[in-house]
Structure formats: structure tokens, C-alpha cells
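Remarks on the structure that follows.
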Amino acid sequence: MDFLISLSRQLKDSLRDLAPVVLVIGFFQFVVIRQPLSDSLAMVNLALGLVFVVVGLTFFIKGLELGLFPIGENLARAFVQKGSVAWLLLFAFALGFGSTVAEPALIAVAARASEVVSEGGLIASSNSAQQSFAFILRMVVAISVGTAVVVGVLRILKGWPLHLMIIGGYVLVLLLTLLAPNEIIGIAYDSGGVTTSTITVPLVTALGVGLATAIKGRNPMLDGFGLIAFASVMPIIFVLFLGIFGLNFIAGSA
């Protein structure tokens, strides 16, 4: 019974959160553009789509609360109690790598990027070359996020200042941007955004908060957050390095 009450509250929250988006789209569709939907089938599809989005968002957020956040925090505490830094870092890398590989947004962007890079003549135009580039891009981004989570965990363990590390990361991004091929710069910057999406964010956040809670002298508010920032900047750095040093190798192997 309590679960149903909680689920109904989350449904109301989802409706409230999506209402501004629906109002904005409706305003521009019917008032500014003045182009109503063409037929009744389009209206039905729109209504069904909204229902699916609301229901999906409700179950997704509820799933985070019930499963992903608790398991991430509990695992972090367990590794701290075990006292094995090596296993904790290995877990952090695996968590970042595994959650990023599964990101739907990254899969979509990698597939589209392979098409554009092929059209630009940087790799062969064959399907195999495009698939190879998309796979390599996903692996590079996944490795970068795994590395970012490891760096974030070390920051929590050692108490390193977050702002200095983030500033250093973006300074490196700017320097690499000057050296990277123009065709890869936009892909690199977008790679930093798509990694921090539906799967990676809750797991990595739960890990950070769990660690900061379990480690004596750490504040969950001050030290538990910041891993997502590393997971945003590190893929940009790695993909820019790929553009500088790896595109010729990929093109040759394709």
C-alpha cells in the first residue's frame, strides 16, 4: 500500500515536471507556428507518447530510489569497510566503464558520428569502417569515464580540491582543442555530455555519496559530489587525444 502511495506521488511529480515542456511545445505549435496536427492518428500518437513518457519517467525515478542509489551507496561503504583501496578503484573503473557502454545516448551519438566522419573522408565509407569507428569511440569514452570515476574516488579519499582539478582539466581541454582536427572537436565535446545521462549519473553519484558518508572526516555534501564533473571533462580529453593521435591509425586499419 505504501509503495502504491509513493508511486502515485511520483506520478504527480512527473506530470508536474513535464508540464512546462508540454506547454512550451503546445504554445509554439498552435499559437506561434499555427500548425495543428494533421489528423486524428497524429493526435493519438502524441497522446500515447506523452503517456509513455510520464509512465516511463515515473518508473525510472522510482527504480533509482529503490535500486540503483541504495546499491551504489552500499557497495561504496562495503569497500571502505573492507579496507582495500585497490578493489575500490577497480570497482570504480568498472562501474564507470560499464555504465557508459550501456548509455543509449552514447550509442546513438557514436553511430551518427561514424557516418559524419565517413562523409568527411576521415575514414572509409564502408559499413565496416563506420562500425569500427563507432565501436572505438564508445570504448574510448567508456575508458575515459572509468578513469574519471577512479580520479574522483581518489579525490574523495585524499581530500584533493575539486575546483583546481576541474580547472586543470578544462585548461587541458582548451590546449588539446588547438591541436585536434576540426572534424573531431564537436564530437569530443558532445561525448562529454552524452556520457552523463540516464545510467551513469545515478550510479556514479551514489558511489560518491556513499564513499563520502563512509569515510571518516568526509562531508557527503562537500566531498560526495563532483564525480559527474570528472565524467564530463575526461571524455572530451580522451576523444581529442583520439583525434590527434588515433584517426590516422583508424583510417589505415579500416
| remark: Length-normalised contact order of the chain, Cα under 8 Å, at least 6 apart, in percent, tallies to 25 percent
| query | Looking at VAL153, ILE143, ALA212, which one has the Cα that reaches farthest to the positive end of the dipole of segment 120-254 (charges on Cβ: Lys, Arg +1; Asp, Glu -1)? | reply | ALA212
| query | Using 0.36 nm per residue, how much length does the chain from ILE5 to VAL171 gain when fully extended, once their Cα-Cα distance is taken away? | reply | 54.9 nm
| request: Tell me the Kirkwood hydrodynamic radius of segment 38-140 in angstroms, computed as one over the mean inverse distance between distinct C-alpha pairs. | output: 17.6 Å
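Just add up the charged neighbours of MET165: K/R +1, D/E -1, any other residue whose Cβ is under 12 Å from the Cβ of MET165.
Taking every Cβ under 12 Å from that of MET165, the sum is +2.
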| For segment 45-118, with only Lys/Arg (+1) and Asp/Glu (-1) charged at the beta-carbon, what is the dipole magnitude about the Cα centre, in debye rounded to 20? | 160 debye
| remark: Once Lys and Arg are counted +1 and Asp and Glu -1 for all other residues with Cβ under 13 Å from that of LEU211, the total becomes +4
| In straight Cα distance, which lysines are under 21 Å from LYS12, not counting same-chain residues fewer than 8 positions off? | LYS62
| query | For segment 17-159, with only Lys/Arg (+1) and Asp/Glu (-1) charged at the beta-carbon, what is the dipole magnitude about the Cα centre, in debye rounded to 20? | reply | 480 debye
| query | Binning every alpha carbon pair distance of segment 124-240 at 10 Å from zero, what are the percents per bin? | reply | 14, 41, 29, 12, 4, 0
| request: Could you check the simple spin-label distance between LYS216 and TRP160, using points 7 Å along Cα→Cβ, in nm with one decimal? | output: 2.5 nm
| said: If I model a spin label at LEU179 and ALA94 as a point 7 Å from the Cα along the Cα→Cβ vector, what separation in nanometres do I get? | reply: 3.4 nm
| field | Point-to-point label distance, ILE71-VAL85, nm (Cα→Cβ direction, 7 Å offset) | value | 2.9 nm
| request: Straight distance only, please: which lysines reach the Cα of LYS216 with their own Cα at less than 17 Å, same-chain residues fewer than 8 apart left out? | output: LYS82, LYS158
| said: Using a Förster radius of 22 Å, what is the FRET efficiency between TYR189 and GLU119 based on their Cβ-Cβ separation? Nearest 0.05, please. | reply: 0.70
| note | Reviewing (i) 184; (ii) 145; (iii) 153, the figure for volume of the Cα convex hull per residue in Å³ actually calculated from this model sits under (i)
| remark: Excluding ligands, DNA and RNA, the carbon-plus-sulfur percentage of the accessible area of segment 44-175 with a 1.4 Å probe reads 74 percent
| In debye to the nearest 20, how big a dipole does segment 89-203 give about its Cα centre with +1 on each Lys and Arg Cβ and -1 on each Asp and Glu Cβ? | 400 debye
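For the chain, report the accessible area per residue in Å² (1.4 Å probe, heavy atoms, rounded to an integer).
54 Å²
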| task | Helix by helix through the chain, keep the DSSP H runs that span 18 Å or more along the axis on Cα and average at least 1.6 on Kyte-Doolittle, and give those back in order. | result | 40-63, 85-101, 162-179, 200-214, 227-241
| message | Per DSSP helix of 4 or more residues, -39500 (n - 2.57); summed, then divided by the residues of the chain. What does that give at 222 nm, rounded to the nearest 500? | response | -26500 deg cm²/dmol
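The values are calculated or read from the model by the stated rules, or taken from the named source; none is laboratory data. Quantities reported herein were computed from a predicted structural model and do not represent experimental measurements. Backbone-built Cβ (ideal geometry, glycine too); neighbour counts: all protein chains shown. Areas reflect the complete protein model, heavy atoms only, side chains present, ligands, DNA and RNA absent. Shrake-Rupley method; radii C 1.70, N 1.55, O 1.52, S 1.80 Å.
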